[in-house]
Amino acid sequence: MYWNNKVLWAEGMFLRTQHFQQLERYLDRRSENGLRWLNPVGYGFADLEIDEALLRTGKIALSRAAGIMPDGTMFDAPGADDHPLPLEVPGSLRNSLIHLAVPIRRAGGYEARLDVAGGPPLRWIGQEVEVNDVIAGSDGAAPITVAKLNLRLIDDNQELAGYVTLPVARLVERRADGSLVIDPDFIPTTVSCDVSAKLRGFLAEISGLLQHRGAAIAGRLADPGGKSIAEITDFLILMLVNRNETVIRHLAATGELHPIELYRALIALAGELATFTETGSNRPPELGAYNHNDLQASFTPVIGFLRESLSAVFEQTAIPIPLEERAYGIRVARISDRSLFADCTFVIAARSSIDADLLRQNMPKRTKIGGVERIRDLVNLQVGGAPIRPLQAEPRQIPFRAGMVYFEINTTSEDWRLIERSGAAAVHVSGDVPDLDLELWAIRGRVR
């Protein structure tokens with residue numbers, strides 16, 4: 001089709017208006033195609049502000065709108081272009097997208113008119129202006145006719161086929177008092193995250209979560225004690241968090257961040273977190289593809305997954321419970337966090353100067369565990385108590401210490417029920433066990 005072809009200039013040509021129009025179409029097509037091929041999602045709002053005052057009167061209007069239409073047409077209102085007229089919303093309109101629209105360009109068709117009145121809508125409206133000659137010493141200004149885009153606001157119920165559009169907002173409803181409610185979660189198609197308060201909020205939220213969780217893990221890892229497999233996992237997660245925190249912080253400081261760049265960083269973070277949070281598969285879930293025309297649908301599942309993962313993966317899996325030594329060889333532990341009783345396995349770790357196998361064999365017979373108010377009866381009468389059983393290997397969640405032997409407490413006994421009600425446990429080991437060192441741990445989930 002010749003409509004966008006290059007003009008061949010030759011000496012002696014009789015110049016017509018069509019020559020310059022053809023040249024302009026050729027140059028427009030080159031720049032638009034070049035931009036589109038380099039960046040297929042390089043369109044959307046670069047600036048957008050909805051008139052909040054007019055929403056209360058039942059109208060949608062734009063205080064400011066600038067950007068690039070999907071066909072490459074640039075717009076800037078109220079700069080080079082005039083504001084579109086406010087859209088009067090009928091009371092029956094609900095759950096509808098509101099679009100900024102410009103009439104489509106058709107090969108061989110009319111594109112402009114010199115005045116506003118009359119005929120079907122065209123892309124350009126002529127306006128006569130006085131323009132100064134920029135050459136020093138020239139004579140004043142001259143009238144010329146310039147073109148302004150014929151921007152308008154339309155809703156889903158209107159004919160969209162003849163327009164190039166960008167979604168501005170989603171109308172929820174018109175209230176009885178005539179005011180309009182727009183969806184606060186809607187994200188307009190944009191070339192800059194700064195345009196959308198929702199995207200800015202996502203960026204700040206994830207940055208804050210990473211910073212907070214990274215500090216929590218770093219604090220746990222500052223313990224100079226032995227390193228468990230769980231702590232090695234924490235080191236790997238902390239490395240992941242530190243790397244992504246700096247990337248997200250950099251993106252937040254970037255002035256003009258395209259949404260696809262934010263999306264790329266977030267799905268990369270989601271994929272790495274899935275290694276640690278997706279039990280069984282260790283693989284990322286299906287989060288959907290990036291859709292530049294529906295940013296809300298693109299970001300919602302990713303942000304939801306990150307919120308869940310950044311909450312789950314940083315939960316401390318092994319909680320040490322201090323044992324205070326009292327008289328007559330009794331040790332007391334205060335369990336102030338009652339939620340531990342609901343989802344934790346309780347483990348006693350013991351170390352002594354005697355042989356570890358002998359300690360593993362004798363500890364279940366010599367150990368009494370019960371409520372503080374009942375421990376003396378358990379010791380004196382040598383009855384009851386929450387039984388313990390030796391574990392074949394050290395739990396991976398607990399820091400490794402050479403010579404430690406581990407025992408799981410049976411939490412189904414009546415004596416343990418008394419501990420749950422009182423929030424305090426007493427431990428006594430009878431007989432002579434030289435250099436005995438005891439630790440009490442609550443491990444979330446099952447012992448591995």
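Scanning region 135-182 for residues that are within 30 Å of the chain's Cα centre (by Cα), under 13 Å from residue 100 (Cβ atoms) and of a type in the set (A, V, I, L, M) turns up 166, 168, 169.
In this structure, is residue 93 more than 26 Å from residue 25 (Cβ to Cβ) and touching a residue at least 60 places away in the same chain (Cβ under 8 Å)? For residue 93, the condition - more than 26 Å from residue 25 (Cβ to Cβ) and touching a residue at least 60 places away in the same chain (Cβ under 8 Å) - is met. Among the candidates 283, 249, the residue that is in the same structural domain as residue 204 (by TED's automatic domain parsing), farther than 30 Å from residue 96 by Cβ and not in a helix (DSSP H, G or I) is uniquely 283.
Residue 324 passes every criterion in (1) farther than 30 Å from residue 375 by Cβ; (2) surrounded by fewer than 17 Cβ atoms within 10 Å (Cβ to Cβ) apart from (1).
Candidates 9, 37, 3: the one that is among the aromatic types (Phe, Trp, Tyr) and under 31 Å from the mean Cα position of the chain (by Cα) is 37.
Residue-level check: of (1) surrounded by 12 or more Cβ atoms within 10 Å (Cβ to Cβ); (2) within 40 Å of the chain's Cα centre (by Cα), residue 110 misses just (2). Residues in region 353-363 that are within 52 Å of the chain's Cα centre (by Cα) and either aliphatic (A, V, I, L, M) or not in a helix (DSSP H, G or I) (or both): 356, 359, 363.
Condition check ((1) in a helix (DSSP H, G or I); (2) polar (S, T, N, Q); (3) in contact (Cβ under 8 Å) with a residue 40 or more places away in the chain) across all residues:
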| position | (1), (2), (3) |
| --- | --- |
| 23 | yes, no, no |
| 27 | yes, no, no |
| 30 | yes, no, no |
| 47 | no, no, yes |
| 53 | yes, no, no |
| 64 | no, no, no |
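Quick one: in region 415-431, of everything that is in a strand (DSSP E or B) and touching a helix residue (DSSP H, G or I) at 6+ places or on another chain (Cβ under 9 Å), which residue is surrounded by the fewest Cβ atoms within 10 Å (Cβ to Cβ)? By that ranking, first place goes to 428.
Residues in region 216-232: is at least one among the acidic types (Asp, Glu) and over 27 Å from residue 71 (Cβ atoms)? Looking through region 216-232, at least one residue is among the acidic types (Asp, Glu) and over 27 Å from residue 71 (Cβ atoms).
Determine whether residue 97 is in contact with a helix residue (DSSP H, G or I) (Cβ under 9 Å, 6 or more places away or on another chain) and part of a strand (DSSP E or B). It is false that residue 97 is in contact with a helix residue (DSSP H, G or I) (Cβ under 9 Å, 6 or more places away or on another chain) and part of a strand (DSSP E or B).
Conditions (1) closer than 14 Å to residue 363 by Cα; (2) assigned by TED's automatic domain parsing to the domain that holds residue 221; (3) without any contact (Cβ under 8 Å) to a residue 60 or more places away in the chain, marked per residue:
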site	(1), (2), (3)
404	yes, no, yes
423	no, no, no
427	yes, no, no
432	yes, no, yes
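Of the listed requirements (1) buried (at least 19 other Cβ atoms within 10 Å of the Cβ); (2) part of a loop (DSSP other than H, G, I, E, B), residue 310 misses just one: (2). Picking from residues in region 36-51 that are modelled with pLDDT of 95 or more and among the small types (Gly, Ala, Ser), the one that is surrounded by the most Cβ atoms within 10 Å (Cβ to Cβ) is 44.
Going through region 324-371 one residue at a time, which ones are closer than 22 Å to residue 403 by Cα and of a type in the set (S, T, N, Q)? Listed by number, the residues that qualify are 345, 352, 353, 361, 362, 367. What are the residues in region 140-193 that are β-branched (Val, Ile, Thr), over 25 Å from residue 113 (Cβ atoms) and not in a loop (DSSP other than H, G, I, E, B), if any? Passing the criteria: 168, 172, 181, 182, 190. Apart from one condition, residue 396 fits all of (1) crowded, with 19+ Cβ neighbours inside 10 Å; (2) within 21 Å of residue 319 (Cα to Cα); the exception is (1).
From the list 28, 81, the lone residue that is over 33 Å from the mean Cα position of the chain (by Cα) and crowded, with 18+ Cβ neighbours inside 10 Å is 81.
Has region 364-385 got at least one residue that is in contact (Cβ under 8 Å) with a residue 60 or more places away in the chain and assigned to a loop (DSSP other than H, G, I, E, B)?
Step one: filter region 364-385 for residues in contact (Cβ under 8 Å) with a residue 60 or more places away in the chain, giving 366-368.
Filter once more, keeping what is assigned to a loop (DSSP other than H, G, I, E, B): none.
Checked against the condition, which is being in contact (Cβ under 8 Å) with a residue 60 or more places away in the chain and assigned to a loop (DSSP other than H, G, I, E, B), region 364-385 yields no hits at all.
Of the residues making up region 168-179, none is exposed (fewer than 14 other Cβ atoms within 10 Å of the Cβ), of a type in the set (A, V, I, L, M, F, W, C) and not assigned by TED's automatic domain parsing to the domain that holds residue 63.
The values are calculated or read from the model by the stated rules, or taken from the named source; none is laboratory data. The model shown is predicted, which means the values in this text are computed figures rather than measured ones. Note that each Cβ is placed from the backbone with ideal geometry, even for glycine, and that neighbours are counted across all protein chains shown.
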